[in-house]
Amino acid sequence: MSDDIAICTQDLVKRFRTLRGMVTAVNGVTLQVRRGETYGLIGPDGAGKTTTTRVILGLLKRTAGESSVLGYDSMRNTYEIRERVGYIAQQFALPADLTVQENMRFFADIQDVSAEEQQRRIPELLEFAGLTHFTKRLAGRLSGGMKKKLALACSLVHEPQVVLLDEPTLGVDPVSRREFWNLLGNLRAEKGLTIFVCTPYMDEAERCSRVGLMYQGRLIAHDSPKMIKRLVPGRLLEFTPSNFVPARQIVTGMEGVLEVQTYGVMLHLFVDDVARRRQEIAGALAAQGITCVGMREIEPRMEEAFISLIRRQSDQSHGV
Amino acid sequence: MARDTVFGGARKSWKRVSALMRKEFTQLLRDWRTLVMILVAPLLEMFLLAYAVSLTVDHIPTVIADLSLDTRSRDFVNALEISGFFDVDLYVADESEVIRAIDEGRARAGVVIPPDFSVHIERGDAQVLLLLDGSDAFTLQSGYGAALAIAQAQATELMMEKISRRGAFDIGQLPISTSTRILYNPDMDDMTFIIPALAAMLVQVVAVGMTAMSVVREREVGTIEQLLVTPVRPLELIVGKLTPNILIAAIDLACVILFGNLWFGVAFKGDLWLFVWLSLVFIISGLGLGLLVSTVTRTQKEAQQATAVLMLVAMMLSGFIYPRAPMPPLVRAVGNLIPLTYFNNIIRGIVTKGVGLTFIWHDTLVLIGYAILVMLLAALTFKKRLD
Amino acid sequence: MAFKITGTHPIEVKDLTKRFGDFTAVDHISFYVNRGEVYGWLGPNGAGKTTTIRMLLGLLRPTDGEARVLGYNPATEAKTMQARVGYMSQLFTLYNDLTARENIRFYGQAYGLSRAKLRRRQAEIIEMAGLQGRENILTGNLSGGWKQRLALGCAIVHHPQVLFLDEPTAGVDPISRRDFWGLIYAMANKGVTVLVTTHYMDEAELCQRVGFLSQGRLAALDTPRRLKETHMRGQVLEINTPDPDRAMRVLKAAQESQRLPLDEVALYGAQIHAVVPAAEEFRQPLKDLLNAEGVRVNAIEWIAPTLEDVFISTMERL
């Protein structure tokens, strides 16, 4: 394996035994995270993101395949990995009845950080996370955003080369979410830290250098956000029809309309040729007495791309 | 070089354990409400239980139907009252009224003395009817025992009186003189019997409950996941978590024993150091049991319920209240699974009887074996991973 | 806001205030919502979103101010009003040990629906939520998207005219979220008024009007498009460079030394977003700075702000 790969999985499979039989949570995932990049594992709840992360860390046994971090096997060299990575679990999982400072010290001691190093690093990390004024506050009394920042600071206290973050912004408000991502960006730029992050928020994909889209245990695409958006054929046309339901029926199946997505009161159409189809669509709707407001071409976002990719995958698996 | 890594590994390991212990202590001290509960509750419980679980019941409210109303019957009633077991505060006309008084809860024992009591006594076929409220086992037992003893004492006295009237024997020359000496408990004081066992039981509750709860809580709030991804080894986690609990349980035990000594006057007769070491083994076995409980329960509530069930079983089957000898073998075997069963004998042996290892080596051996086994089992089932 | 309570809009709020001790959770909020409008609220946790909704539902008594929901005063006519409004919280208050059908029946009975009507509504809601074939599965075993639509179904079992949704899409996959918004708009088209709070920027974009809530106050309120035009301070430049990490360090240093007036510099994957007072004016200085530090620049483009950019910008000015 080449030296610039931080995390690597090969045909990774994880099955769970449940009351209703075996469930395949991770189904043949192959991914590589390069050193110094921010890799986002993105997908809805239940897609298998958390399970993948836990298997990579050796918190769960894998059923089949390979997984390693920094060249250490997840199953055989668990403790070598644990000394070199930082991790934030999905739930806030720091002792809530210890203060911010005590939490930092605890994780520093556990990770064998010397007293002198602690003197230097802990204030630095607290400063970086904006928690300097809260050192004596109990962790359980912090706001959601601050809890996540404390968890991040604790996971960095042993200066790991890689951090794995499991939905670090779940349930965090937009302002704190943005702050948190700015922190991650600074870490990457300043320390060259490798960041592996799971998130259900499609817009957070834009913050990653590369993303893997996960759905129902499979990695359905992985590439840079820009390239993923290019995987979707056609261009995106947006408009608000005056009468939604019949409008959707009319445009579905029109020539050149590759895909129809609804977006609130608006319709999002993937078309092969914007200039040409624009006229045809407006004309076809006008013929039925439907007017269109604000028809324009927009850049597809990660969410449109994701929905389109999922649809195509399930179409394939159903043989359509 | 190899020695260096071993030494370095041990040093790192110790550092992690001490970090865990410091965390546990900090959390313990921070949650002072729980800490006070853990320390004060056993004292409070002992105080309440010691009085409530008093095994012999005295001052039983008693109703009398004396149909003779002669000297002999009055002597008998007097003897009942003087014994201290019966408080005669109601006189009624006949047997049916005695039963009604017990039914209505005005009395828990009734005595019916038939007519012509003196005549029957002279003839030697006097009978007294004793009615006891059977809904309370302890009243039944104590009342029955006391009444029997009093009747016998009276009968002996009468017999001696009769005999001496005939002039055949002198009082001092009774053919048989029965005297019972109650071993180790000369004042027949229940406390000597209850306090040590109670102390052991309360400490067991604390050891099992506290351990099970603290582990399950970490699992429930998810902190265990964050700990497992650090270099902490499962065994270190166990040691770090349990050490503070050992200390708390030991303090608890010391408090209860001291309190029993100062308040209830239960003397500590045996070897203190022997007691300390064996208590440690007992506490460790309790912690191991707590760990096992934590591996089979998922929520704090479940852990609490499991602990409660365990305690109920311990109370019933360890010989704390009910003697184990008459139990059916299967039930007794269940009792064998609880460390309290062995420690009961040890603590009663050392505290009450003041005996040394020679007399309790069997229980000691079993307890040590138990502690090792349960810890081993707990360490093996304690998961390194989440699945 | 010069606006009087008239009772003509389904939701009217005037100077609504709620204090808990010293803490002012909601601070003189005034707004109205039109019939059939989908009105959204965006704000950090603790901004007062849930508290306001609870006051409008008659679950909390306002400290000050007035509110009318469908012409009723929630503080005094809660029960009459509650029969005409629906509420769905982020917790999806469903009974996990009842089936989907039983949940609908329970909520229908709680709202006092007749047996015939209940049967009809049950069928309608199961169809609406796409639960056909899953009616008899225990709710706890349904996945997020189904649960969410079922919760919505239970909230509207009594045909409410006003619907309050408090973070209804937390933790649901994007396809289900799209479907959910389809349902919301289908109801709005039938004249149901919807007030919805969310953490998702893209959902806020879907609302006809959006209010930014912060520290109990309404910081901005308009259509998403107008908000982007009027409430963004500065403009966003997207910098494309082969070495974004180094570029980032350079720009951070420039921001700290105030060499350039950079409101925000943030890494977006392989790009950097820099918020400057005016895009055209600062494009060249930015490029010069990076080149001087030896960072190659492929392109610097002026991009339209997202609603999140606008939101952050508004919040920072408060």
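The values are calculated or read from the model by the stated rules, or taken from the named source; none is laboratory data. Remember, it's a predicted structure, so these values are computed and weren't measured experimentally. Here Cβ is always computed from backbone atoms with ideal geometry, including for glycine, and neighbour counts include all displayed protein chains.
List of remarks:
- Condition met for A:ALA286 (in contact with a helix residue (DSSP H, G or I) (Cβ under 6 Å, 6 or more places away or on another chain) and either farther than 29 Å from C:LEU307 by Cβ or part of a helix (DSSP H, G or I) (or both)): no
- Candidate set: the range A:143-166, residues that are modelled with pLDDT of 90 or more and part of a loop (DSSP other than H, G, I, E, B); chosen: the one surrounded by the most Cβ atoms within 10 Å (Cβ to Cβ): A:VAL157
- Selected residue (only one of A:ILE220, A:ILE195 is at pLDDT 90 or above, crowded, with 22+ Cβ neighbours inside 10 Å and at negative phi): A:ILE195
- If the condition is being in a loop (DSSP other than H, G, I, E, B), in contact with a Pro (Cβ under 8 Å, 6 or more places away or on another chain) and of a type in the set (A, V, I, L, M), then the range C:267-283 contributes only C:ALA270.
Residue by residue, here is whether (1) within 18 Å of A:PRO174 (Cα to Cα); (2) out of contact with any Ser or Thr (no Cβ under 7 Å at 6 or more places or on another chain); (3) touching a residue at least 12 places away in the same chain (Cβ under 8 Å); (4) not assigned by TED's automatic domain parsing to the domain that holds C:LYS147 holds:
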| site | (1), (2), (3), (4) |
| --- | --- |
| C:SER176 | no, yes, yes, no |
| C:TYR185 | no, yes, yes, no |
| C:GLY191 | no, yes, yes, no |
| C:VAL196 | yes, yes, yes, no |
| C:TYR200 | yes, no, yes, no |
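- Selection of the range C:215-230 for residues being crowded, with 19+ Cβ neighbours inside 10 Å and assigned to a loop (DSSP other than H, G, I, E, B) yields only C:GLY216.
- The set of residues from the range C:21-62 being within 14 Å of chain A (Cβ to nearest Cβ) and part of a helix (DSSP H, G or I) comprises C:LYS49, C:THR50.
- Qualifying residue in the range C:249-266 (condition: in a helix (DSSP H, G or I), more than 27 Å from A:ARG301 (Cβ to Cβ), touching a residue at least 24 places away in the same chain (Cβ under 8 Å) and not polar (S, T, N, Q)): yes
- Residue satisfying all of: in the range A:69-88; of a type outside the set (Phe, Trp, Tyr) and more than 10 Å from chain B (Cβ to nearest Cβ); nearest to B:GLU225 (Cα to Cα) among these: A:SER74
- Some residue of the range C:164-182 being closer than 27 Å to C:ARG101 by Cβ, polar (S, T, N, Q) and facing chain A (nearest Cβ under 8 Å): yes
- All positions within the range B:75-116 that are over 24 Å from B:GLN152 (Cβ atoms) and part of a strand (DSSP E or B): B:ASP89, B:LEU90, B:TYR91
- Being among the aliphatic types (A, V, I, L, M), surrounded by 21 or more Cβ atoms within 10 Å (Cβ to Cβ) and free of Cβ contacts under 8 Å to residues at least 24 places away in the same chain holds for only one residue in B:VAL229, B:VAL266, and it is B:VAL229.
Condition check ((1) of a type in the set (D, E, K, R); (2) in contact with a Phe, Trp or Tyr (Cβ under 9 Å, 6 or more places away or on another chain); (3) closer than 28 Å to C:GLN271 by Cβ) across all residues:
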residue: A:VAL29; (1), (2), (3): no, no, yes
residue: A:THR51; (1), (2), (3): no, yes, no
residue: A:LEU57; (1), (2), (3): no, yes, no
residue: A:LYS61; (1), (2), (3): yes, no, no
residue: A:ALA64; (1), (2), (3): no, no, no
residue: A:SER68; (1), (2), (3): no, no, no
residue: A:ASP73; (1), (2), (3): yes, no, no
residue: A:ARG76; (1), (2), (3): yes, no, no
residue: A:GLU80; (1), (2), (3): yes, yes, no
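- Any hit, the range C:151-161, residues being surrounded by fewer than 18 Cβ atoms within 10 Å (Cβ to Cβ), β-branched (Val, Ile, Thr) and either part of a loop (DSSP other than H, G, I, E, B) or not assigned by TED's automatic domain parsing to the domain that holds C:LEU59 (or both): no
- For the range B:211-234, a residue qualifies if it is of a type in the set (A, V, I, L, M, F, W, C) and within 13 Å of chain A (Cβ to nearest Cβ), and the qualifying residues are B:VAL221, B:ILE224, B:LEU227, B:LEU228, B:VAL229, B:VAL232.
- Within the range C:284-318, being more than 12 Å from every other protein chain (Cβ to nearest Cβ), part of a helix (DSSP H, G or I) and surrounded by 19 or more Cβ atoms within 10 Å (Cβ to Cβ) holds for C:LEU286, C:LEU289, C:LEU290.
- Which numbered condition C:LEU56 misses (of (1) under 22 Å from C:TYR185 (Cα atoms); (2) out of contact with any Pro (no Cβ under 7 Å at 6 or more places or on another chain)): (2)
- Members of the range C:223-277 found to be more than 23 Å from A:ASP203 (Cα to Cα), more than 8 Å from chain A (Cβ to nearest Cβ) and out of contact with any strand residue (DSSP E or B) (no Cβ under 9 Å at 6 or more places or on another chain), listed by number: C:VAL250, C:ALA253, C:GLU256, C:SER257, C:GLN258, C:ARG259
- Restricting B:THR341, B:THR358, B:THR352, B:THR381 to those that are within 30 Å of A:THR53 (Cβ to Cβ) and either among the β-branched types (Val, Ile, Thr) or within 20 Å of the chain's Cα centre (by Cα) (or both) reduces the list to B:THR381.
- Selection from the range A:114-142 of residues that are buried (at least 17 other Cβ atoms within 10 Å of the Cβ) and within 21 Å of B:LYS241 (Cα to Cα): A:ALA139
- Selection count where residues are modelled with pLDDT of 90 or more and either small (Gly, Ala, Ser) or outside the structural domain of C:VAL192 (by TED's automatic domain parsing) (or both), scope the range C:124-150: 0
- Subset of the range A:50-79 (residues that are basic (Lys, Arg) and more than 21 Å from the chain's Cα centre (by Cα)): A:LYS61, A:ARG62, A:ARG76
- Scanning the range A:44-68 for residues that are within 14 Å of chain C (Cβ to nearest Cβ), crowded, with 23+ Cβ neighbours inside 10 Å and at positive phi yields a single hit, A:GLY48.
- Qualifying residue in the range A:16-34 (condition: crowded, with 16+ Cβ neighbours inside 10 Å and under 22 Å from B:VAL232 (Cβ atoms)): no
- Residue check for A:ARG235: of a type in the set (Lys, Arg) and either within 20 Å of the chain's Cα centre (by Cα) or within 10 Å of chain C (Cβ to nearest Cβ) (or both): no
- All positions within the range C:66-112 that are closer than 23 Å to C:ASN141 by Cβ, among the charged types (D, E, K, R) and part of a loop (DSSP other than H, G, I, E, B): C:ASP97
- Selection of helices (runs of 4 or more DSSP H) fully inside the range B:293-387 by the criterion of at least 1 residues being charged (D, E, K, R) returns B:300-317, B:329-336, B:357-381.
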